[in-house]
Each structure stands twice: as C-alpha cells, then as structure tokens.
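Inspection log for the structure reproduced underneath, given as structure tokens.
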Ligand code: NOJ
C-alpha cells in the first residue's frame with residue numbers, strides 16, 4: 001500500500017544547479033531552494049524531487065556520484081540539506097532525493113579500490129571482465145584505463161562504472177550470480193545510503209535507471225525486480241513512510257517490484273511522446289496532440305495510456321511529467337495557449353504528476369553548448385527566471401559567472417511578470433492545481449473514464465463526479481450529450497451546453513459538475 005499522501009501529491013522537480021542562487025556564486029544551492037519553498041507551495045506543489053546534489057566531479061551533472069553521503073560543496077552542506085528537509089516539512093512539502101544505484105563516478109573511493117591490480121574488499125563491487133583484451137559479451141566495456149587486468153562495464157558514460165548486482169544467468173566466469181555475497185554487498189551498500197538520508201529527514205527517492213541493476217536480465221526484469229523487492233522490505237521495516245518513484249517506464253513491472261510510482265517516459269513514438277513531443281518522430285513538424293494544427297488524435301495516447309493505467313490499478317501510480325532535465329522543454333514547440341491546454345489535461349489525470357521547474361512559466365529550450373555532460377539536454381537546464389533585472393533574478397553574480405546563461409530574449413517569461421496576471425500560464429496552472437487539491441475526483445486515485453474520443457469531436461472524459469471537455473484544434477467541435485444541469489468550475493476558452501449539444505470552441509477546455517448521468 002502506497003503512502004496516503006500520494007493521492008493528493010503534485011511534485012516539483014528541481015535541478016539544483018539552476019533553481020535559485022542564495023550566495024551569489026552563480027550556481028543554485030540548497031539554501032536557495034529553502035528560500036523558495038513558499039513559492040512552490042503557492043504554486044500548488046507539495047513534494048519535491050531534487051536531482052543529485054551529492055559530491056561529484058560533475059561529468060554527468062551529478063549522476064556521477066563520488067560520495068553518496070556528502071552534499072556537494074557547491075550546493076551547501078549536509079546540515080543545509082537537513083534544514084531544507086525540516087523547513088519543507090513545516091510547510092507540508094515532502095522531499096525526494098535522487099538515488100543513483102546503478103553506477104558511481106570513476107572517482108568514487110569504491111572504484112579507486114576496485115581498479116587496483118591487487119584484490120581487495122571492493123574488487124567485485126563493479127563489473128569487470130577477467131582480462132584487458134576480453135570482450136564483454138556484447139556489453140560496452142572500457143579497457144586500458146586501470147592497472148587492473150580487466151575491462152569494466154560502464155553504465156552510462158565512461159566515467160560511470162556499473163555497480164555489480166550480479167547477472168541473472170551468468171555465462172562467463174567473471175559474471176557473478178545475483179545472490180553472490182559480493183553482489184549482495186552492493187545491495188547492502190545502497191541500502192546504507194538510503195538509510196543515511198532517510199534517517200535525516202528525506203521522504204524517499206527517485207531511482208535512476210531503475211530497471212538496469214542485474215545484468216543479462218530477462219524481459220520481465222525478474223533479477224532487478226528481486227533486488228528492488230528486497231530494498232522495499234527493508235523500507236517497510238525501517239522507513240515504512242518512504243516513497244519511491246522509478247525511472248523505468250514499465251509500471252506493470254516496476255510497481256510490482258515495490259515502487260509507488262513509475263514515470264511515463266518520453267520514448268520515441270510512445271503514447272506520452274505522441275501526446276506532447278511528436279516532433280521527435282517527424283523531421284520538421286510537431287504533430288503532438290496539443291498542436292493546434294497538428295491534426296493528431298488523442299487515441300494514439302489513450303491506446304497505450306489506458307493499458308498502463310490498468311496495469312497500475314491498485315498497485316501504485318503512473319507519473320506524467322511536463323518534462324525533466326533530460327527532455328526538451330515543451331515550450332520548444334507549444335505556444336502559451338497550447339501549453340495551458342496541455343497542463344490542464346496533464347494535471348487532471350490520475351496518478352501522481354510532476355512539474356519540471358520553469359515549465360510553469362513556459363521557459364524556453366535554449367540552444368547551448370554542452371555543460372557537464374548535458375549535450376542536447378543542456379538547453380532545458382538553464383536558470384529559473386524569477387524577475388526582470390540582472391540574471392532574471394536567479395543570481396546576483398556577474399553574468400560571466402552564471403552556471404548557464406539565462407534566456408536573453410526580450411520576452412523571456414518570468415514569475416514576477418506572470419504572478420499577478422490572472423490569464424498567465426502560471427496563474428492558469430495554479431488554478432488547475434488548486435482545483436485538483438479541492439476535488440477528490442481529480443486526484444491520483446480517482447477514476448478516469450473516456451466518454452468521447454472520436455476524431456472530429458471534442459475529447460470528453462470523466463474524473464469521479466466531474467466531466468471534462470477538451471478541444472485542442474482550431475475548429476469548433478461538438479458532441480451530443482446528456483449532462484443535465486451543468487456548472488463549470490474551470491474554463492479555458494469557451495465551452496457551451498444547450499441541454500443536448502456540448503460545444504467546445506477552438507482551443508478550449510472545461511471542468512464541469514453535472515446533474516445528468
Ligand atoms: C538518467 C538521468 O535522468 C540522466 O540525466 C543521467 O544522465 C543518466 N540516467 C545516467 O545516470
């Protein structure tokens with residue numbers, strides 16, 4: 001059973017480098033996050049996911065951890081993190097940290113030992129072949145870096161050697177079974193990291209590349225799932241309130257492995273991408289559902305989504321995201337009206353939604369050279385835009401000292417400019433989230449039922465007692481419906497009902513209470 005608070009949870013993802021710089025050194029920090037908790041709460045978010053903020057050489061923006069138990073000095077200290085946990089809790093905000101269980105930095109002390117020629121307590125902490133010239137059965141391998149006669153398996157970049165959780169069906173002498181004492185020690189080491197932060201006030205973790213721990217795993221990831229179930233048993237005993245969200249994208253597997261939530265990931269051509277980022281499948285055009293002229297059908301999303309929803313029923317939650325630190329920001333192709341409709345839809349779906357910092361004001365994707373292993377992701381990681389003025393209110397540093405440049409366009413969106421404008425993207429999202437908190441039917445557990453998804457008609461769906469109608473196109477659309485008396489509790493654009501016909505004007509959306517069936 002997942003924690004009850006998840007039913008009404010709305011997460012806010014913070015890339016700590018870029019959220020708010022409290023000490024003027026050009027990079028965001030934990031005290032900066034603490035200063036902005038009221039803003040986050042006022043937005044309607046009651047939980048945070050903070051990207052890795054541990055000591056690291058930052059070759060992959062912190063996903064290359066050098067010390068799991070130490071906050072990177074550029075973000076502050078362990079005490080700052082504890083102060084952040086406490087302050088967040090006082091305001092009713094939960095905090096999830098990012099757990100990177102599959103690999104460390106090649107500068108982590110475990111790896112510095114593991115790479116030595118002489119056998120030691122860490123020799124099997126990572127996956128190594130038996131000789132420098134030996135291939136790794138089709139897996140990528142790195143040779144020629146270490147005094148040890150062997151090659152290690154990178155988990156992502158070369159600087160991220162894979163931790164050893166064993167193999168499902170070992171077929172080479174260097175492959176350990178998943179129940180080998182050395183593989184079990186890796187598991188225990190990660191549990192130890194989790195205990196460290198949970199006992200200091202952390203509320204749970206987002207698990208990086210959660211499906212990839214045990215190698216040569218089968219299609220159902222039974223080896224990796226067993227590891228997570230074991231970790232969940234530890235949590236149930238020692239930290240029963242801890243919540244876990246997986247970067248996995250297959251809720252049928254991940255939720256049964258003990259996760260409370262699984263991200264619906266942005267994979268080329270899948271339901272999520274056809275909904276929001278269809279340009280990845282087409283060279284020059286975005287046909288995502290929310291494009292006014294995209295001509296796309298909601299059914300491309302629904303076909304997959306309804307199946308995934310079925311898979312999660314009673315097991316945990318699917319988490320839809322506006323974006324994250326790995327995706328191109330939605331504002332890259334959706335304009336403000338399209339974004340409003342997209343958010344109205346995303347945040348009225350079941351499951352536990354995640355908002356990526358800056359998406360609430362429609363921050364743009366910037367074309368930038370790579371930073372800390374970001375490559376094309378760098379443009380989605382730029383400083384939060386708080387107000388007009390130097391560095392858009394992110395930092396008091398000199399412009400050249402910024403971690404990444406801010407959006408320099410004259411119409412760069414800011415919190416200050418949108419805060420008091422009732423029609424802004426920020427105000428629209430706030431209103432939707434306020435409604436979600438008020439109306440049980442809109443929350444994670446509430447039912448979702450498709451009433452009309454026929455092409456050429458508005459998309460109409462039910463959440464609990466509420467009826468929602470959406471038209472993303474540039475044409476007025478209508479459908480006959482028996483709704484009885486209707487009361488609109490939220491509206492974008494124009495939605496009308498004459499007792500028989502529900503008419504949804506171009507790019508419009510409404511949430512209605514109805515007395516009819
Ligand atoms: C997924 C993370 O979201 C991404 O940013 C990172 O580069 C890889 N995992 C490797 O940890």
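The values are calculated or read from the model by the stated rules, or taken from the named source; none is laboratory data. Computed from a predicted structure; not experimentally measured. Neighbour counts are summed over all protein chains in view; Cβ atoms, including those assigned to glycine, are modelled from backbone coordinates with ideal geometry.
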Taking region 80-107, which residues are part of a loop (DSSP other than H, G, I, E, B) and out of contact with any strand residue (DSSP E or B) (no Cβ under 7 Å at 6 or more places or on another chain)? 91, 92, 100, 105, 107
Residue in region 146-162 that is nearest to the ligand (Cβ to nearest atom), counting only those that are within 17 Å of residue 116 (Cβ to Cβ) and in contact with a strand residue (DSSP E or B) (Cβ under 8 Å, 6 or more places away or on another chain): 161
Those residues of region 295-314 which are buried (at least 19 other Cβ atoms within 10 Å of the Cβ), in a loop (DSSP other than H, G, I, E, B) and without any contact (Cβ under 8 Å) to a residue 40 or more places away in the chain amount to 296
Among (1) within 16 Å of the ligand (Cβ to nearest atom); (2) more than 22 Å from residue 122 (Cβ to Cβ); (3) touching a helix residue (DSSP H, G or I) at 6+ places or on another chain (Cβ under 8 Å), there is one condition residue 252 misses while meeting the rest; what is its number? (1)
Return the residue satisfying two criteria in turn: it lies in region 373-394 and is assigned to a loop (DSSP other than H, G, I, E, B) and over 25 Å from the mean Cα position of the chain (by Cα), and of such residues it is surrounded by the most Cβ atoms within 10 Å (Cβ to Cβ). 387
Answer from 58, 11 - the residue that is on the phi > 0 side of the Ramachandran plot, within 16 Å of the ligand (Cβ to nearest atom) and touching a residue at least 40 places away in the same chain (Cβ under 8 Å): 58
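Of the residues 18, 22, only one is closer than 24 Å to residue 355 by Cβ and away from the ligand (no atom under 16 Å from the Cβ); which?
Selected residue: 22, the only one of 18, 22 that is closer than 24 Å to residue 355 by Cβ and away from the ligand (no atom under 16 Å from the Cβ).
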What is the one condition in (1) modelled with pLDDT under 95; (2) surrounded by 16 or more Cβ atoms within 10 Å (Cβ to Cβ) that residue 430 does not satisfy? (1)
If a residue must be in a loop (DSSP other than H, G, I, E, B) and either under 22 Å from residue 194 (Cα atoms) or without any contact (Cβ under 8 Å) to a residue 12 or more places away in the chain (or both), how many such residues does region 250-267 contain? 6
